[in-house]
Amino acid sequence: MRNLLSITDFSVEEVNEVLETAADIIVHPEAYSEKCKNKILATLFFEPSTRTRLSFESAMLSLGGKTLGFSDANSSSSSKGESVADTIRVVSCYSDIIAMRHPKEGAPLVASFVSDVPIINAGDGGHNHPTQTLTDLLTIKTEMGRLDNLTVGFCGDLKFGRTVHSLIQALSRMKGIKIVLISPDELKIPDYVKSDVMDKNGMDYVETRSLEEAMPSLDVLYMTRVQQERFFNEDDYLRLRDSYILTLDKLSTAKKEMCVLHPLPRVNEIAVDVDSDPRACYFKQVRNGRYVRMALIMKLLGIK
Amino acid sequence: MKIDPIKNGIVIDHIEAGKGMEVYNILNLSELDCMIALIKNVPSKKTGKKDIIKIDASVALDLDVLGYIAPEATVNFIENGALVKKSKVALPETVKNVIKCKNPRCITSVEQGIDQVFKLVDKENRVYRCIYCESKAKD
Ligand SMILES: [Zn+2]
């Protein structure tokens, strides 16, 4: 039985298989509307995330399946002190596949040890969020037509951004990827991502403080939020904040064929007037999240 | 200082000097009721000084745990006063319930009844990571 706990649980071939199915679903959604008839997806959200939960539920409903679950720990038995393992033992009797989010890192691994049905990690603390990474990959592939030979810029909070680390990890297995890391010194990518992922895989990368400087070289720009609580003082935050906000003006030097991604929710790091630019792909990314989750559910259930 | 040779038992030799007590504790040797000698700072040709533990009984030792704590050690198995087997311990691929994950965001900090498991990810630099949260094991 397969699970998806981390993006590296899937080989490059398996990732491609999911992306290809998702791309086919985009074109022929009707052909998939009964693929999971009589199947039940449990969405166990020990920590609330309405967006991610709705994406999973929409995916299962679009496949003709049904869903059940809880949307925060207060409505689950874990508030009474039940362990993750016991909750999963029970729920795996009621469902065919489980998507779970939990505030503690590694909770989905504990679940996978006791579950009779596949487990999908829908986010475990700051650790992994592989379906976001699949969503990012599908968006890059559908927008750029490829997942190799790309210059990918990551901008903003590269220190705490798990979606950034995980996408870099996924890209490290593709050929000809150049990474441009754009952040203030305070929010630079952690050393272990450099040593264990980028250096280890011989990835080509540069670090810069300037989004303007990096812009013309990029095929993909992955924006993240620079949060005030990451800074020691407000002055630093205010001084740096504007440098990492994407505006139409900054986008003017970008390639015509490029795409801007953002894991959402956005606060102010992308100016609203960028939304109408054809390179803004962050809302398409949300739609892709549903298709890629449909493809993933089918794969883990062994449905062709 | 002289310790009598053992007839049937195990000698853990070449433990890094000063680590003998740690090895004694981690292998739960205090729970055995046979004779045990822990000899510290024994002169050694190779390393200058070493620790040795002699156990006067043929007991089952967790060599993985020993390998994690003292990868340089050798284990000599003695039967009827003769050396019958000499094993060099090695860094184990995984260690179970020896190290505790110190990451407060790790599921092991709250979930009851799960094993603390660390996996060897970098042999050269002896790096172990928690299988749940991937935090590095700290010495
Ligand atoms: Zn841990």
**Report entry** Hits among lysines - C-alpha to C-alpha of residue A:37 under 21 Å, sequence gap 8 or more where chains match
**Finding:** A:66, A:299, A:304
Report task. Note down the relative contact order for chain A as a percent, whole number, built from C-alpha pairs under 8 angstrom at least six residues apart. Result -> 20 percent
Query raised in the report: Hey, what's segment A:131-285 come to in accessible area per residue, 1.4 Å probe, Å²?
Result: 44 Å²
Report summary line: For chain A, the longest principal axis of the Cα atoms and the Cα long axis of helix A:130-144 enclose an angle in degrees, to the nearest 10, of 50 degrees
Query raised in the report: What pairs from B:96/B:138; A:200/B:88; B:49/B:100; B:7/B:85; B:50/B:88 go past 22 Å between their alpha carbons?
Result: A:200/B:88; B:49/B:100
Report summary line: Taking the convex hull of the alpha-carbon atoms of chain A and averaging its shadow over every direction gives an area in square nanometres of 15.7 nm²
Report task. Over both sides of the B-A contact, add up the buried accessible area with a 1.4 Å probe and give it to the nearest 100 Å². Result -> 1100 Å²
**Report entry** Helix-only [θ]222 nm of the protein assembly as shown, DSSP H runs n ≥ 4, -39500 (n - 2.57) each, per residue, nearest 500
**Finding:** -8000 deg cm²/dmol
Query raised in the report: Using a 1.4 Å probe, what is the accessible area per residue for segment B:9-88, in Å²?
Result: 54 Å²
Report task. Using a/c under 1.5 as the rounded threshold, could you call segment A:131-285 rounded, prolate or oblate? The axes a ≥ b ≥ c are square roots of the C-alpha gyration tensor eigenvalues, and prolate needs a/b larger than b/c, oblate otherwise. Result -> oblate
Report task. Excluding residue B:43 itself, calculate the net charge of residues whose Cβ lies under 11 Å from the Cβ of residue B:43, where each Lys or Arg counts +1 and each Asp or Glu counts -1. Result -> +4
Query raised in the report: Which of the chymotrypsin sites (Phe, Trp or Tyr not before Pro) across segment A:27-105 are loop residues per DSSP, with 15 or fewer other Cβ within 10 Å?
Result: A:94
Query raised in the report: Among the GluC sites (Glu not before Pro) within segment A:182-264, which fall in a DSSP loop and have no more than 13 other Cβ atoms within 10 Å of their own Cβ?
Result: A:257
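GluC sites (Glu not before Pro), restricted to segment B:3-95: which are DSSP loop and have at most 15 other Cβ atoms within 10 Å?
Answer by residue number: B:72, B:93.
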Query raised in the report: Can you list the residues, at least 5 places off or on another chain, whose amide H is less than 5 Å from the amide H of residue B:3, using H built in the peptide plane?
Result: none
Query raised in the report: Where the accessible area of segment B:9-88 is counted over protein heavy atoms with a 1.4 Å probe, how much of it, in %, is carbon and sulfur?
Result: 50 percent
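The values are calculated or read from the model by the stated rules, or taken from the named source; none is laboratory data. What you are looking at is a predicted structure, and each value in this text was computed from that prediction instead of being measured. Cβ coordinates were reconstructed from backbone atoms using ideal geometry, including for glycine residues, and neighbour counts include every protein chain displayed. Heads up: the accessible areas ignore ligands, DNA and RNA and are worked out on the full protein's heavy atoms, side chains in. Shrake-Rupley method; radii C 1.70, N 1.55, O 1.52, S 1.80 Å.
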